[in-house]
Structures are given as structure tokens and as C-alpha cells.
Amino acid sequence: MGTVPYLVMKVLHVLAVTLFLGNIIVGILWKVHGDSSRDPKIIAHTLRGIMLADRWFTMPAVAVLLISGFGGQGIGRYPITTPWILGGIILAAISGFVFMTQVGPAQRKLLATAQAGISGEMDWAAYARLTRQWNLWGVIATVTPILALILMVWKPV
């Protein structure tokens, strides 16, 4: 599989994986860092930054992942049922589903809670409950693409 178009797809795929995983992992660090301030204004600012980074980096990386992944699969003439390809697709789909249905909504609620705390009394109990949800679903949304990466590199038959 040394053709130039295949190698271009592979390079784009690796770059997109790097951007995607890097951004979601760094987002965790920023959330913990913002929360440690115990200042609703800083927390809200941090959450807006995480959500903006998702829009600017994570989502475009997902688009490049899909295009380059399916492009490389097609150019390389790998059957979609190849275990490491199908497994990667399933794991990525789980991650996307969890992000869209759980992590994203939790982030928006966390931001709304922090913004309400700027002008009034911060509801720390609600924020802690939402953070536990964000953490639980965020682990799933992060571990599944890491497992997909392992499958893509390991390529078990």
C-alpha cells in the first residue's frame, strides 16, 4: 500500500487523530484547572474555551478522520469488515454518540450553572453533580477513540 494517495490519506488520518485526541485530553486538563479556581467567572470562561476548541479543532478533526479513514480504506482496498477498521469505526461511533448525547449537553449545563453563579450564588452541588456526569461520560468518550487508535496501530487480524 505504498501509493501516494494512500499515504496522503494515512498522513491526514494520523494528523487528525493527533489533533482530535490532543484536544479532548487537553480539555480535561483545562476543566480541572478552571474548576480548581472555585471562581464561577473563571470556570465559565474555561468552559467556553473548551467548547470553542471543540468547534475549532475537535469537530474539523472528526471530518478529516472520516474522509481520510474511508479514503484510505477505499484506496487501500481494505474491506470495511477488516477487524481493526470495523472495530475503529464502532469505537469512534460510540465516542461520537456519547459526546453528542451526554458530554456536550453536560458541558452546556455546566456553563449555564457557572454563568448563573457569576451574578448570584453558585450552585456548587448542581455543578458537582454535572461534573460527575461529565467525568463519567467523558472517560467513555475519550477511552473509546484511544482504543480505536490502538486497534489501528496494532492491526489485529
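Readers should treat all values here as calculations from the given coordinates under stated rules, not as data from a laboratory. It should be emphasised that the depicted structure is a prediction, and the values quoted were computed from it without experimental measurement. Please note: Cβ atoms are built from the backbone with ideal geometry, for glycine as well, and neighbour counts cover all protein chains shown.
A few notes on this one:
- When the helices of the chain are scored as -39500 (n - 2.57) per DSSP H run of n ≥ 4 and the total is divided over every residue, the value at 222 nm lands at -28000 deg cm²/dmol.
- Within the straight-line cut-off of under 13 Å between alpha carbons, the aspartates and glutamates reachable from residue 41 are 121, sequence neighbours fewer than 8 places apart in one chain being disregarded.
- Label-point separation in nm, residue 140 to residue 70, each point 7 Å along Cα→Cβ: 2.5 nm
- For a label point 7 Å along the Cα-to-beta-carbon line of residue 18, residues of segment 124-153 with backbone N under 20 Å: 145-153
- Segment 114-157 residues near the modelled residue 81 label - backbone nitrogen below 16 Å, point 7 Å along Cα→Cβ: 157
- Only aspartates and glutamates eight or more places from residue 31 in sequence, or on another chain, were considered; those with a Cα closer than 19 Å are 39, 54, 123.
- Among (i) 1.04; (ii) 1.13; (iii) 1.08, the entry derived from the coordinates for Rg/Rh (Cα atoms, Kirkwood Rh): (iii)
- Here segment 26-61 and segment 118-157 have alpha carbon centers that stand 13 Å from each other.
- Residue exposure sequence - 55, 108 - by fewest surrounding Cβ within 10 Å: 55, 108
- Neighbour counts of C-beta atoms inside 10 Å place 36, 119, 95 in the sequence 119, 36, 95, starting with the fewest.
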